[in-house]
1. Name the pairs: first residue in region 205-233 and free of Cβ contacts under 8 Å to residues at least 12 places away in the same chain, second residue surrounded by fewer than 22 Cβ atoms within 10 Å (Cβ to Cβ) and among the hydrophobic types (A, V, I, L, M, F, W, C), Cβ to Cβ under 8 Å, at least 6 apart or on different chains?
2. Filter region 231-249 down to residues that are in contact with a helix residue (DSSP H, G or I) (Cβ under 7 Å, 6 or more places away or on another chain) and among the aliphatic types (A, V, I, L, M) and give me whichever is farthest from A281 (Cα to Cα).
3. All but one of (1) part of a loop (DSSP other than H, G, I, E, B); (2) open to solvent by 50 Å² or more (accessible area, probe 1.4 Å); (3) under 30 Å from A183 (Cβ atoms) hold for R322; which doesn't?
4. Can you tell me which residue is least open to solvent (accessible area, probe 1.4 Å) among those in region 1-13 that are of a type in the set (K, R) and not in a strand (DSSP E or B)?
5. Can you list the strands (runs of 3 or more DSSP E) lying wholly within region 178-290 that have 3 or more residues being at pLDDT below 95, open to solvent by less than 70 Å² (accessible area, probe 1.4 Å) and of a type in the set (S, T, Y)?
6. Against the conditions (1) farther than 19 Å from G27 by Cα; (2) outside any helix (DSSP H, G or I), where does S335 fall short? Just the number, please.
7. For region 339-354, which residues satisfy the criterion of being surrounded by 13 or more Cβ atoms within 10 Å (Cβ to Cβ) and either under 30 Å from A124 (Cα atoms) or β-branched (V, I, T) (or both)?
8. Somewhere in region 31-52, is a residue at pLDDT 95 or above, among the acidic types (D, E), within 21 Å of the chain's Cα centre (by Cα) and closer than 24 Å to A261 by Cβ?
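The values are calculated or read from the model by the stated rules, or taken from the named source; none is laboratory data. Predicted model, so just to flag it, every value in this text is computed and none were measured. Reconstructed Cβ throughout: ideal geometry from the backbone, glycine too, with neighbour counts over all protein chains shown. Heads up: the accessible areas ignore ligands, DNA and RNA and are worked out on the full protein's heavy atoms, side chains in. Shrake-Rupley method; radii C 1.70, N 1.55, O 1.52, S 1.80 Å.
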Amino acid sequence: MKLVCIIEKKIPALREPILRFARRFEGVEVIESLWDDPSEADITAVIRRIEKNGPANEPVPQGFIEHKDAELLAGSFCPFSAQGMDVFDNLRIIGVMRAGLENIDVRAASERGIAVVNASGRNADAVSDFAIAMLLAEARNIARAHHSIVSGGWQVDFASSATTPDMRGKTVGLFGFGAIGKALTEKLGGFHINLMVYDPYIEQESVAAFGGKLVDKETLFKESDFISVHARLTDENQRTIGKAEFSLMKKSAYFINTARAGLVDYDALYAALAEKRIAGAALDVFDNEPLPVDDRFRKLDNVTLTTHRAGATLDAANNSPRLVFERMRNLIAGSAMEGLVNPQVLDDPKFKAWQKKAKETLDL
């Protein structure tokens, strides 16, 4: 059985952990194949383009064509389109080494009897750590004070100085309550905060187990002192946080986005910040990355900006391949379905027949 690992040529740091964990998949031949877009010097531009437009408009990676007999395929950011899937003779599992699914056509995979597993939860600790850091950096003017000192100054008065808060007793509103939201909630416990959650896909019991309250979107924005975004971007929730939501926020409230820029109307956010209708914001994601030199957000005195680094830790990088290859193995063994994105494929006759044979072949 052949497993092809598509490795981004412009992200060499991914190679070692991907191959290390892939080779722990006993009984499987591991093939390394590099993927690149020579028309773009910056891999970030390619990733953003695929996330925005989907995989269908991208060329099929050469590694697909060269290894069309592979039954297992894994990659991080390369495009997994319907056209790419059709290259293979008997592809049955695709492993996406990230939580997002913007670069894979899941529907096409399901229609072809191909299971898709991802690395959901891989960076829950990394992003939740970072979200707390962003929240505190903005509310307490940490980054701005640092910048003042290294620039030769000693600034002590900031735009939000008159309303700088303690955390104890404040209400933190989470927009989305998946693995990252839950990890963040656990870490915020020591601050003795009140928790509110808006997530249309979960039940009150899930939030109550963490000592919080499930509320509607209006209540979240109206009553929270801090709002942190942790939802997945879908076709349905594009720009779902906009002028109406920011108009509900307290003047002393802060907005933190370490999720996806597409969830937020940044024009409306900019206006709220520029007009001091909210106290501040902390942003790790933007519509255009890298952020242009003359971008308007650079000129604000009540926003903390970072370079899309929330999930970028060594541990998160190792978690991605570890989780994906473990989940592939468990799926074949039928022992666990964690990370399976399209469970309906389990009823596909082609997949069922292949799974039975693969389980016997690998002695699982």
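1. Once the first residue is free of Cβ contacts under 8 Å to residues at least 12 places away in the same chain and sits in region 205-233, its partners that are surrounded by fewer than 22 Cβ atoms within 10 Å (Cβ to Cβ) and among the hydrophobic types (A, V, I, L, M, F, W, C) give A208/L214.
2. Top of the filtered list is L233.
3. (1) is the only condition that R322 fails.
4. Filtering region 1-13 for residues that are of a type in the set (K, R) and not in a strand (DSSP E or B), the one least open to solvent (accessible area, probe 1.4 Å) comes out as K10.
5. By residue number, no strands (runs of 3 or more DSSP E) qualify.
6. It fails just one condition, (1).
7. Once the filter is applied, which keeps residues that are surrounded by 13 or more Cβ atoms within 10 Å (Cβ to Cβ) and either under 30 Å from A124 (Cα atoms) or β-branched (V, I, T) (or both), region 339-354 yields G339, L340, V341, N342, V345, L346.
8. No, the conditions are met nowhere in region 31-52.
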